[in-house]
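Have a look at the structure below before the remarks.
The values are calculated or read from the model by the stated rules, or taken from the named source; none is laboratory data. All values derive from a computational prediction rather than experimental measurement. Here the Cβ positions follow ideal geometry from the backbone for every residue, glycine too, while neighbour counts run over all protein chains shown. To get the accessible areas, we keep the full protein, side chains included, count just its heavy atoms, and leave off ligands, DNA and RNA. Shrake-Rupley method; radii C 1.70, N 1.55, O 1.52, S 1.80 Å.
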Amino acid sequence: MTPRSFLLTPELGDYVRASSEPPDEVVRDLLAETAELGERGEAPATYQIPPEQGAFMQLLARALGVRRAIEIGTFTGFSALCVARGLPADGRLVCLDRSAEWTAIARRYWERAGVADRIDLRLGDAHETLRTLPAEPTFDLAFVDADKAGYADYVDQLHPRMADNGLVLLDNTLRAGKVLDPPDDDARAIVALNAALATDARWETVLLPVSDGLTFLRKR
């Protein structure tokens, strides 16, 4: 099943994808293999971002001239593939994830797409791995799609590591609408984070209804 925003009907989701540049064979195969994992119950289908969000992130990385990027939460590698394709040939994307199994799928498709040499995958606890990176402005773009209760820590750790005007994207910040009446710890953590970021002087902040909610943070 192709992931889509909870804000779209299936018909509108199909229309959105039909009105965008179509995915190539590598992307189609990666999305299909990831969907099969979900159908077999081997991985949560909600871990996969929608195709249109991936296409948007690729376009964004290319349009902004991003050279150094970081991703927290890689899963089977679709978002990383898109960002890496948006980088120049000498660009670099650091990916942080804890699953050797799921990222093994990612590595296969990065190789097929010819972007594996742009991606530095580091396995382990992302909070701890992030702390090992130099606390100096390095990254032009960051994408966070990992443990929701950990988002506040990721944002704090990313701040000194982002270049001036660097952009951080936080995924799932609407939690399928659950932010209005949060039923669980993950939703409550996102509600608290959204409220804090709206008045955080370190960032220019906007939450957009893209997919499951995509928050943009520009480092001031």
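Worth a mention:
- Alpha-carbon Rg/Rh ratio, for segment 103-203, with Rh computed the Kirkwood way: 1.01
- Segment 145-220 - convex hull of alpha carbons, volume per residue in Å³: 77 Å³
- The slack between R220 and S99, meaning 0.36 nm per residue of separation minus the straight C-alpha distance, is 40.2 nm.
- Accessible area of the chain belonging to carbon and sulfur atoms, whole % at 1.4 Å probe: 54 percent
- Averaged per residue, segment 68-135 has 40 square angstrom of accessible surface, using a 1.4 angstrom probe with ligands and nucleic acids left out.
- Take the Cα of E36, step 7 Å toward its Cβ, do the same at R188, and the gap between the two points is 4.0 nm.
- Residue among D147, D24, D171 with the largest mean-square fluctuation in a Gaussian network model of the chain, springs linking Cα atoms under 10 Å: D24
- As a calculated quantity, the FRET efficiency between E21 and L64 at R0 = 22 Å, using C-beta atoms, amounts to about 0.75.
- Here the spin labels are modelled as points 7 Å beyond Cα on the Cα-Cβ line, and at A45 and A195 they lie 3.3 nm apart.
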